[in-house]
Amino acid sequence: AMALVRSLGSLLCLCALRVPAGPGAAARGPDVASYRERVRAMFYHAYEHYLESAFPYDELRPLTCDGHDTWGSFSLTLIDALDTLLILGNVTEFQRVVTVLQEGVDFDIDVNASVFETNIRVVGGLLSAHLLSKKAGVEVEVGWPCSGPLLRMAEEAARKLLPAFQTPTGMPYGTVNLLHGVNPGETPVTCTAGIGTFIVEFATLSHLTGDPVFEDVARKALKALWKNRSDIGLVGNHIDVVTAKWVAQDAGIGAGVDSYFEYLVKGAILLQDKELMSMFLEYNKAIKNYTKFDDWYLWVQMYKGTVSMPVFQSLEAYWPGLQSLIGDVDNAMRTFLNYYTVWKQFGGLPEFYNIPQGYTVDKREGYPLRPELIESAMYLYRATRDPILLELGRDAVESIEKISKVDCGFATIKDLRDHRLDNRMESFFLAETVKYLYLLFDPDNFIHNDGSDFDVVITPYGECILNAGGYIFNTEAHPIDPAALHCCRKRKEEQWEVEDLMREFYSLQKNKKFPLKQTSDCGEGECAKDPRDASLGGKKRNSKKSSHSLLSCPSQSFNSKLAVLGQVFLDNT
C-alpha cells in the first residue's frame, strides 16, 4: 500500500504534463483565490436561506422564500450539502448537521420515492458524510468506518429500495413506497440510468456492512442491461423491467442513459473491476461509431444507428469528464470546447440545443443550474491545467450570480433567452454545482490529495489507509474514499498478509520452534496475538515519515488501470 501511495505522487506529475498550457498560462486565467471566495459566498447565500426558509422540507423555493418536499421528505438539501460543508472547511456546521440528521430523518414513511434519486442523493450523501466524519472532527464510534450512525442510516435507506429489484430481470422499478414496497400497478418502464446507477453506493454499502445483497442486486441490474444491448452495441432510453423489452429506443449519452455509462467507469475504478471497464469500453466503441459527429454526440436508433435527434442535452456535458477518467483527454477537450460555445451563447446550457440550427429547442430552453459542464471542467483542469477551464468556471460564477441570484437563494432559470426564473433551487446546486466550482478554484483542497498525506485506522480486521485521495464522486458529487472498501470485510482474495504471518509466527511459538518474548515496548493490551485484538483507534501519518509496514494493506488483484486526478493510466504505457 505504501508503494502504491508513493507511486501516486509520480503519476500526478504526468497528469499536469499531459496537455501543457504554456508558460505563464495560469497568470492569464481568472483570479483563482477571488473566485473561490465568491463560490464560497454563493454556497452560504443558498444554504443559509434554505435553513431559514425551507428546512425541514427537501428543497428551497427561492422566489417565495419557503420550502417544499420533492423527492421524499428527507430534508434532502441538508443531506446533499453535508459533504460540501467539509470541502469548504466548515467542520462545526458539518458536526451540527450530522446530529440534526440523526435526530430528524425517518425513512419509515408512507412516501412514493424515486429509487434512483433516493440512492444517489440520500444513500450517496450519507455514505460520503460517514466516511468523512472523522476528518470533520466527529467523535466516531468504535469500529468506524465499519460502523456508525450515518452508515446505519444509509443502510436503512438502501434497504427501503431493495423491493424494487425483485423483478424477473433483476432490473429495478423506478419508484418504491418506503413503507409498503412496490405499489400494485406500478409501471414497469424504467430509464436505463435508473437501472444502472447503483454500483458505487451499493458496493460501498456491501463492503462496509459485510452484507453482499446491495452489491449483488446492483451487479445483476448492470449485467441485465448489458445482456439486452442491441446487435450494434447500443442501449435505449427506457426498458420494461419485467419483460426486458425496450420501450424507448433512442440511444445516446444524455438524459435517461448518462449515469449508467458513468457508473461502469467509476464502478470499475472503485472496485478494481476489469469486467465493468470492459463493458464501458465496448459501449464507447459503439458510441463513437454511431453517435459521434464532429465531436458532438447525437441520438440514434439503437438497432439501426440512424440519427433520431440531432440535439445536445445539457446532461451530456458530463461526458468530457468521463472521457478524462479513461485517459482520452484530447477528445474530451474537443467535446468540452463544443459545449463551452453553447454556454457562451446563452450564459448557461439549455436543456436541449439543436446542433444544426445552433439554437434552443422549444420548451427546453431552461437551465436549472446543472453541474455537468463544470464537473467536466474540474476533471479536465486536474489533468491539463489549461486556463480555458478556469474561464468556464469564471463564466459560470458570473452567469449564475447575474441571472439566478435572488434575495432568498438561487433560482432555476426557466428560459435562457429572456432570463425568466422558476421558483425552485434543486438540492444538486449545493451538492454538485457549487462543489465542483469550488474544487475547480481550490487546487489544494483535501479532495485533490496526491497520496502524500493519509490516515491509518485500526479496524476489527486490521489496519487500513484512509483519506489518501483518489475519491470517486457518485453522480450527485458525493465523494467516496475507495480505500474504505478494504477496511471492513475480509475476502478470500484480500487476506491481510500480516495476519498470515502472525498465524505462522504463533504456530511456530506454540511448537516451541520460535519462543515468544514480550518486549518492554508493549503496554497493557498492546501486544495482542492477533491484529484484530488490538485497541481501536487511528492516528495521522505522513507517508514521507511513516515506517508503516507494507504488509498492512490488502492486495489488489486488478492493477491494469489506475485512476489519478481524472485520468486512468495503463500498465503498458
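Brief remarks on what is shown
- Estimated FRET transfer efficiency when R0 is 45 angstrom, pair Asn354-Asp231 (beta carbons, to 0.05): 0.95
- Computed extension length for Glu48-Asp330: 97.5 nm, one decimal, from 0.36 nm per residue of separation with the Cα-Cα distance subtracted.
- Ranking by accessible area, most exposed first, for His49, His419, His207 with a 1.4 Å probe: His419, His49, His207
- Heavy-atom accessible area per residue - segment 310-443, 1.4 Å, Å²: 30 Å²
- Pairwise label distance in nanometres, His68 with Asn183, each label 7 Å out on the Cα-Cβ vector: 1.8 nm
- Distant-in-sequence amide H partners of Asn177 (H built 1.01 Å from N, under 5 Å): Ala113, Val182, Asn183
- Per residue, the convex hull spanned by the alpha carbons of segment 310-443 comes to 101 Å³.
- Area of Glu103 that stays accessible when all protein chains are in place (1.4 Å probe, Å², to 10): 150 Å²
- Rounded Å value of the spacing that divides the Cα centres of segment 343-404 and segment 427-450: 16 Å
- Between Ala33 and Ile109, the contour length at 0.36 nm per residue exceeds the Cα-Cα span by 22.9 nm.
- With all protein chains modelled, accessible area of Ile269 [1.4 Å, Å²]: 20 Å²
- Of all accessible heavy-atom area on segment 214-291, the percent that carbon and sulfur account for (1.4 Å): 46 percent
- Among the trypsin sites (Lys or Arg not before Pro) in segment 348-402, those located in a DSSP loop and surrounded by at most 11 other Cβ atoms within 10 Å of their own Cβ are Lys363.
- Nonlocal amide H pairs with Arg61, under 5 Å, H built at 1.01 Å: Asp66, Gly67, His68
- A simple spin-label model places the labels of Glu282 and Asp453 4.3 nm from each other, with each point 7 Å out along Cα-to-Cβ.
- Between Lys220 and Phe293, the simple label model (points 7 Å from Cα in the Cβ direction) yields a spacing of 4.1 nm.
- The slack between Asp418 and Glu391, meaning 0.36 nm per residue of separation minus the straight C-alpha distance, is 7.4 nm.
- Summing Lys and Arg as +1 and Asp and Glu as -1 over all other residues whose Cβ lies under 9 Å from the Cβ of Tyr57 gives a net charge of -3.
- Computed FRET value (nearest 0.05) for Lys344 with Leu162, which takes r as the C-beta separation and R₀ as 35 Å: 0.20
The values are calculated or read from the model by the stated rules, or taken from the named source; none is laboratory data. Model, not experiment: these values are computed from the prediction. Glycine gets a Cβ as well: all are built from the backbone with ideal geometry, and neighbour counts include every protein chain shown. Heads up: the accessible areas ignore ligands, DNA and RNA and are worked out on the full protein's heavy atoms, side chains in. Shrake-Rupley method; radii C 1.70, N 1.55, O 1.52, S 1.80 Å.
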